[in-house]
Amino acid sequence: MHASIAKTALRFAACVALVFAVVYVYTRVLHVNPTTVALTFLLSVLVISATWGLRSSLFQAVIAAAAFNYYFLPPLGTFTISDTQNWVALFAFLTTAVIASELSERARKQTGEAVRRRQDLERLYQFSQQLLIADNILQLLNAIPQYVMDSFSVSAAAIYIPGKGDIYRSGKETRDLDADHLKSVIARGEAMVDVERETRDLDADHLKSVIARGEAMVDVERNLSFTPLKMGVKTVGTIGITGSLSRQTLDAMGSLIAIAIERASAVETLSRSEAAREGEQLRSAILDSITHEFRTPLTAIKASITSLMSGMILGDADRRELMTVINEESDRLNRLVGEAAEVAQLESHEFQLDLKPQRVLEVVEAAVESMKQLLGKHPVEVRVPEDVTVLVDAERMKEVLVQLLENAAKYSDAEAPIRITAESKDNNLFISVADQGAGIDDMEQGLIFDKFYRGKNQRYRVQGTGMGLAIARAIVEAHGGKIGVTSQVGSGSVFHFSLPLGR
């Protein structure tokens, strides 16, 4: 209070000093006509109005009019005016000064209001961008109070959504933003603004009575504001803040939050629907895989066991052949189950990579060695620099190469060459496995990395589960890389993947 009085007194003193400075210049230094003096005083009034507001400019106008009369209108040195024209001039000056002060003050206020509105719009825009980050409804509700504090510079915020149970808070001054306040706003569906001094100690009963009256409320004494989160006519919740915001900003903020909550809920519902649909597709794919892939080894095992138990007289060679069939087909079944389990583990990210610096050539050679029997007569050409090192899980990366080599061997002629290459480019390592097989149709190139998918022209000619490439993709992506294929029907395929270097 004392500081405000002192500030006002200093401004009035500055106004007086400015008037006497003009008087001194025009009486001692420069000798000008009264019109020039009046215009100078009017200019000083406008400057004071633009700088300090209407009260100071009105004081400046009165002091300037008195000085103009005393020093520049005859008879000089008195406040008496002998000529009627001088009365008109003085009155015109004072009226012009007052009107100019009022207009300047109005323009200053409008400029300040425009600046505040622009700042509010910028805040609301930034706030809306933050709200679009989260798609998970609980994550969004936990983040909104902090977003409000950061965007609007309030000291505390709390949000309540019916059906979610909890009140989501942020800040240290949320004790007044209680459940009764928030729930009462929802019941009414309008911002609650209370300018009554006696409402500074509002409790739940008072708030409910305000709801019954249907009045808006902001607790000015405790600097609290409550507003509903409305989307159209639907109210989805309430937000309370400790801080001062305009009614328009509160309404806009409430609408943005309501839209974000509805969007997150819709995305969450859509995600659940999509997950259910994918789950159904997965079940169908698994059933199809079991039908086509599990039945063959089971049939072979069943036939071999039936022959052994039939009582037929079998030679040692025949018995050994049947036992070999049982053993191989059992291994095949075990491999099918293992691949299905591995796909599920990789896609759920329930595994950890043992990342260590590895020489790429060593990983490639280990994969080729483990596939020597299946590769058979396929000549394998390796073009990998000896000194290239990458941070990978060696066993997992070997598994990727094994899957690609197995595909190359299965889908190309018995003696067709296979080439493995690696090169560094743009801080990435690119590895490719090329074959001279039948190639892959353009329509299928985007599908072959999906679980259980097998080429329409190959699924009955070559045994497989359609899980190998899905496993390879999951491992590569877990390393932060990408995998793809370039192929042309009749000219072979090149499977390639990238791994980041320098991690």
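The values are calculated or read from the model by the stated rules, or taken from the named source; none is laboratory data. Nothing here was measured: the structure is a model prediction, and the numbers come from that model. Cβ coordinates were reconstructed from backbone atoms using ideal geometry, including for glycine residues, and neighbour counts include every protein chain displayed. Quick note on the areas: whole protein, heavy atoms, side chains included, nothing else; ligands and nucleic acids left out. Shrake-Rupley method; radii C 1.70, N 1.55, O 1.52, S 1.80 Å.
If I ask for residues that are in a loop (DSSP other than H, G, I, E, B) and among the hydrophobic types (A, V, I, L, M, F, W, C), which ones from segment 303-339 would you list? Show your work before the answer.
The first filter runs over segment 303-339 and keeps only residues in a loop (DSSP other than H, G, I, E, B), leaving 310-315.
Hits for segment 303-339 are MET312, ILE313, LEU314.
Just to be sure before I move on: is GLN119 assigned to a helix (DSSP H, G or I) and in contact (Cβ under 8 Å) with a residue 12 or more places away in the chain in the structure I sent?
Values: assigned to a helix (DSSP H, G or I): yes; in contact (Cβ under 8 Å) with a residue 12 or more places away in the chain: no.
When the stated conditions are applied, GLN119 does not pass them.
Considering segment 327-341 alone, what residues qualify as being modelled with pLDDT of 75 or more and surrounded by fewer than 18 Cβ atoms within 10 Å (Cβ to Cβ)?
Applying the first criterion (modelled with pLDDT of 75 or more) to segment 327-341 yields 327-331, 333-334.
Correct list: ASN327, GLU328, SER330, ASP331, LEU333, ASN334.
Quick one: would you say GLY502 is at pLDDT below 80 and within 19 Å of ALA367 (Cα to Cα)?
no
Can you pull out every residue in segment 1-60 that is at positive phi and part of a helix (DSSP H, G or I)?
Answer for segment 1-60, where residues must be at positive phi and part of a helix (DSSP H, G or I): there is none.
Restricting to segment 216-234, count the residues that are part of a strand (DSSP E or B) and either on the phi > 0 side of the Ramachandran plot or touching an Asp or Glu at 6+ places or on another chain (Cβ under 9 Å) (or both).
Keep residues of segment 216-234 that are part of a strand (DSSP E or B), which gives 218-219, 224-231, 234.
Those left that are additionally either on the phi > 0 side of the Ramachandran plot or touching an Asp or Glu at 6+ places or on another chain (Cβ under 9 Å) (or both): 218-219, 224-228, 230-231, 234.
Result for segment 216-234: 10.
I need a count of the residues in segment 235-244 that are part of a loop (DSSP other than H, G, I, E, B) and within 24 Å of the chain's Cα centre (by Cα). Lay out the reasoning, then the answer.
Start the filter on segment 235-244 by keeping residues that are part of a loop (DSSP other than H, G, I, E, B), which leaves 243-244.
Checking which are within 24 Å of the chain's Cα centre (by Cα) leaves us with none.
Final tally of qualifying residues: 0.
When the residues of segment 61-75 are filtered to those that are under 18 Å from ALA14 (Cβ atoms) and surrounded by 19 or more Cβ atoms within 10 Å (Cβ to Cβ), which remaining residue is nearest to the chain's Cα centre (by Cα)? Lay out the reasoning, then the answer.
First pass over segment 61-75, keeping only residues under 18 Å from ALA14 (Cβ atoms): 61-67.
Next cut, surrounded by 19 or more Cβ atoms within 10 Å (Cβ to Cβ) only: 61, 63-65.
Details: ALA61: 56, ILE63: 59, ALA64: 59, ALA65: 62 Å.
Residue satisfying both the conditions and the ranking: ALA61.
Here is a yes/no grid of residues against (1) at pLDDT 80 or above; (2) assigned to a loop (DSSP other than H, G, I, E, B); (3) of a type outside the set (Gly, Ala, Ser):
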position: LEU447; (1), (2), (3): no, yes, yes
position: GLN458; (1), (2), (3): no, yes, yes
position: GLY466; (1), (2), (3): no, yes, no
position: ALA472; (1), (2), (3): yes, no, no
position: ILE475; (1), (2), (3): yes, no, yes
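Any residue at all in segment 417-437 that's within 17 Å of ALA470 (Cβ to Cβ) and in contact (Cβ under 8 Å) with a residue 24 or more places away in the chain? Give the steps one after another, and end with the answer.
Residues of segment 417-437 that are within 17 Å of ALA470 (Cβ to Cβ), as a first pass: 433.
Remaining after also requiring in contact (Cβ under 8 Å) with a residue 24 or more places away in the chain: 433.
Yes.
Mind checking which residues of segment 368-399 are in contact with a Lys or Arg (Cβ under 6 Å, 6 or more places away or on another chain) and either in a helix (DSSP H, G or I) or within 18 Å of ALA472 (Cα to Cα) (or both)? Walk me through it before giving the result.
Filtering segment 368-399 down to residues in contact with a Lys or Arg (Cβ under 6 Å, 6 or more places away or on another chain) leaves 381, 389, 391.
Matches in segment 368-399: LEU391 only.
Scanning segment 367-416 for residues that are within 20 Å of ASN427 (Cα to Cα) and among the charged types (D, E, K, R), which turns out least open to solvent (accessible area, probe 1.4 Å)?
From segment 367-416, those within 20 Å of ASN427 (Cα to Cα) are 383-394, 397; that's our starting set.
After this cut, where a residue has to be among the charged types (D, E, K, R) as well, the list is 383, 386-387, 393.
Working: ARG383: 131, GLU386: 127, ASP387: 128, ASP393: 17 Å².
Among those residues, the one meeting the criterion is ASP393.
Working only within segment 89-120, note down all residues that are of a type in the set (Gly, Ala, Ser) and under 22 Å from ARG247 (Cα atoms). Quick ask: steps written out before the conclusion?
Of segment 89-120, the ones of a type in the set (Gly, Ala, Ser) are 89, 92, 97, 100-101, 104, 107, 112, 114.
Those that are of a type in the set (Gly, Ala, Ser) and under 22 Å from ARG247 (Cα atoms): GLY112, ALA114.
What's the number of the only condition in (1) of a type in the set (D, E, K, R); (2) more than 28 Å from ALA107 (Cβ to Cβ); (3) at pLDDT 80 or above that ARG11 fails to meet?
With (1) of a type in the set (D, E, K, R); (2) more than 28 Å from ALA107 (Cβ to Cβ); (3) at pLDDT 80 or above applied to ARG11, the lone miss is (2).
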